[in-house]
Amino acid sequence: MEQRRICFWHSRRNRTRSYQLTTHRLKPSQYAILALVGICAPLGDSFLARGMKQLPSISLDHPLVLVAAVFHPWIAAGIVMLICFFACYLTALSWADLTYVLPTTAFGYVIIALIGRFWLNEQISVYRWAGILLITVGVGFVSQGPSLTEKDLPWKDAPETTSEASEAHS
């Protein structure tokens with residue numbers, strides 16, 4: 001993974017810390033994980049919606065009916081897709097900042113709108129389409145930033161043993 005670093009320093013109470021904005025070049029497999037983050041959640045939600053429309057209204061007063069709904073094929077498929085989303089989301093958060101990964105989920109609004117319109121036959125207003133367009137533009141801005149911000153952590157500079165700590169204070 002190739003990196004470029006830009007360092008910033010700030011001093012607070014005579015403590016200097018450096019913050020490095022690191023621009024990582026993502027590997028193709030990491031782009032695939034981000035794509036799955038953006039696709040699995042809307043697909044899972046759409047499968048859940050399709051399955052729930054085929055069932056009568058469910059109330060929390062009858063939890064056994066809710067448990068039975070989990071075994072409906074569309075709902076089960078939705079749950080599997082949402083588990084895949086969560087696995088990919090956790091994976092992406094292990095190598096990128098939340099502020100970089102989360103906008104990928106926002107792109108799901110576009111996918112949800114398209115699925116809702118053409119697969120679930122839902123009506124989408126002009127205002128909703130305009131909002132989706134604004135979200136897409138915002139995601140484009142955020143994706144131009146660094147994927148990871150590295151910080152010098154306070155425990156990295158700390159002595160490793162208590163004897164080293166006592167020597168440092170002497």
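The values are calculated or read from the model by the stated rules, or taken from the named source; none is laboratory data. Note that the coordinates shown come from a computational prediction; the quantities given were computed from them, not determined experimentally. Glycine gets a Cβ as well: all are built from the backbone with ideal geometry, and neighbour counts include every protein chain shown.
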Which numbered condition trips up VAL142, out of (1) within 17 Å of the chain's Cα centre (by Cα); (2) among the hydrophobic types (A, V, I, L, M, F, W, C); (3) over 30 Å from MET52 (Cβ atoms); (4) at pLDDT 85 or above? (4)
Which residue pairs have Cβ atoms under 7 Å apart, sit 6 or more places apart or on different chains, and have a first residue in segment 84-102 that is polar (S, T, N, Q) and a second that is modelled with pLDDT of 90 or more? THR91/ILE33
Test result for ASP61, acidic (Asp, Glu) and surrounded by 13 or more Cβ atoms within 10 Å (Cβ to Cβ): no
Six or more apart or on different chains, Cβ atoms under 7 Å: show the pairs whose first residue is in segment 62-75 and within 12 Å of GLY51 (Cβ to Cβ) and without any contact (Cβ under 8 Å) to a residue 12 or more places away in the chain and whose second is surrounded by fewer than 17 Cβ atoms within 10 Å (Cβ to Cβ) and among the small types (Gly, Ala, Ser). VAL70/ALA76
Looking only at segment 49-97, how many residues end up being under 27 Å from the mean Cα position of the chain (by Cα), hydrophobic (A, V, I, L, M, F, W, C) and farther than 26 Å from ILE115 by Cα? 3
Could you list all residues from segment 113-137 that are loosely packed, with under 13 Cβ neighbours inside 10 Å and touching a residue at least 24 places away in the same chain (Cβ under 8 Å)? TRP119, LEU120
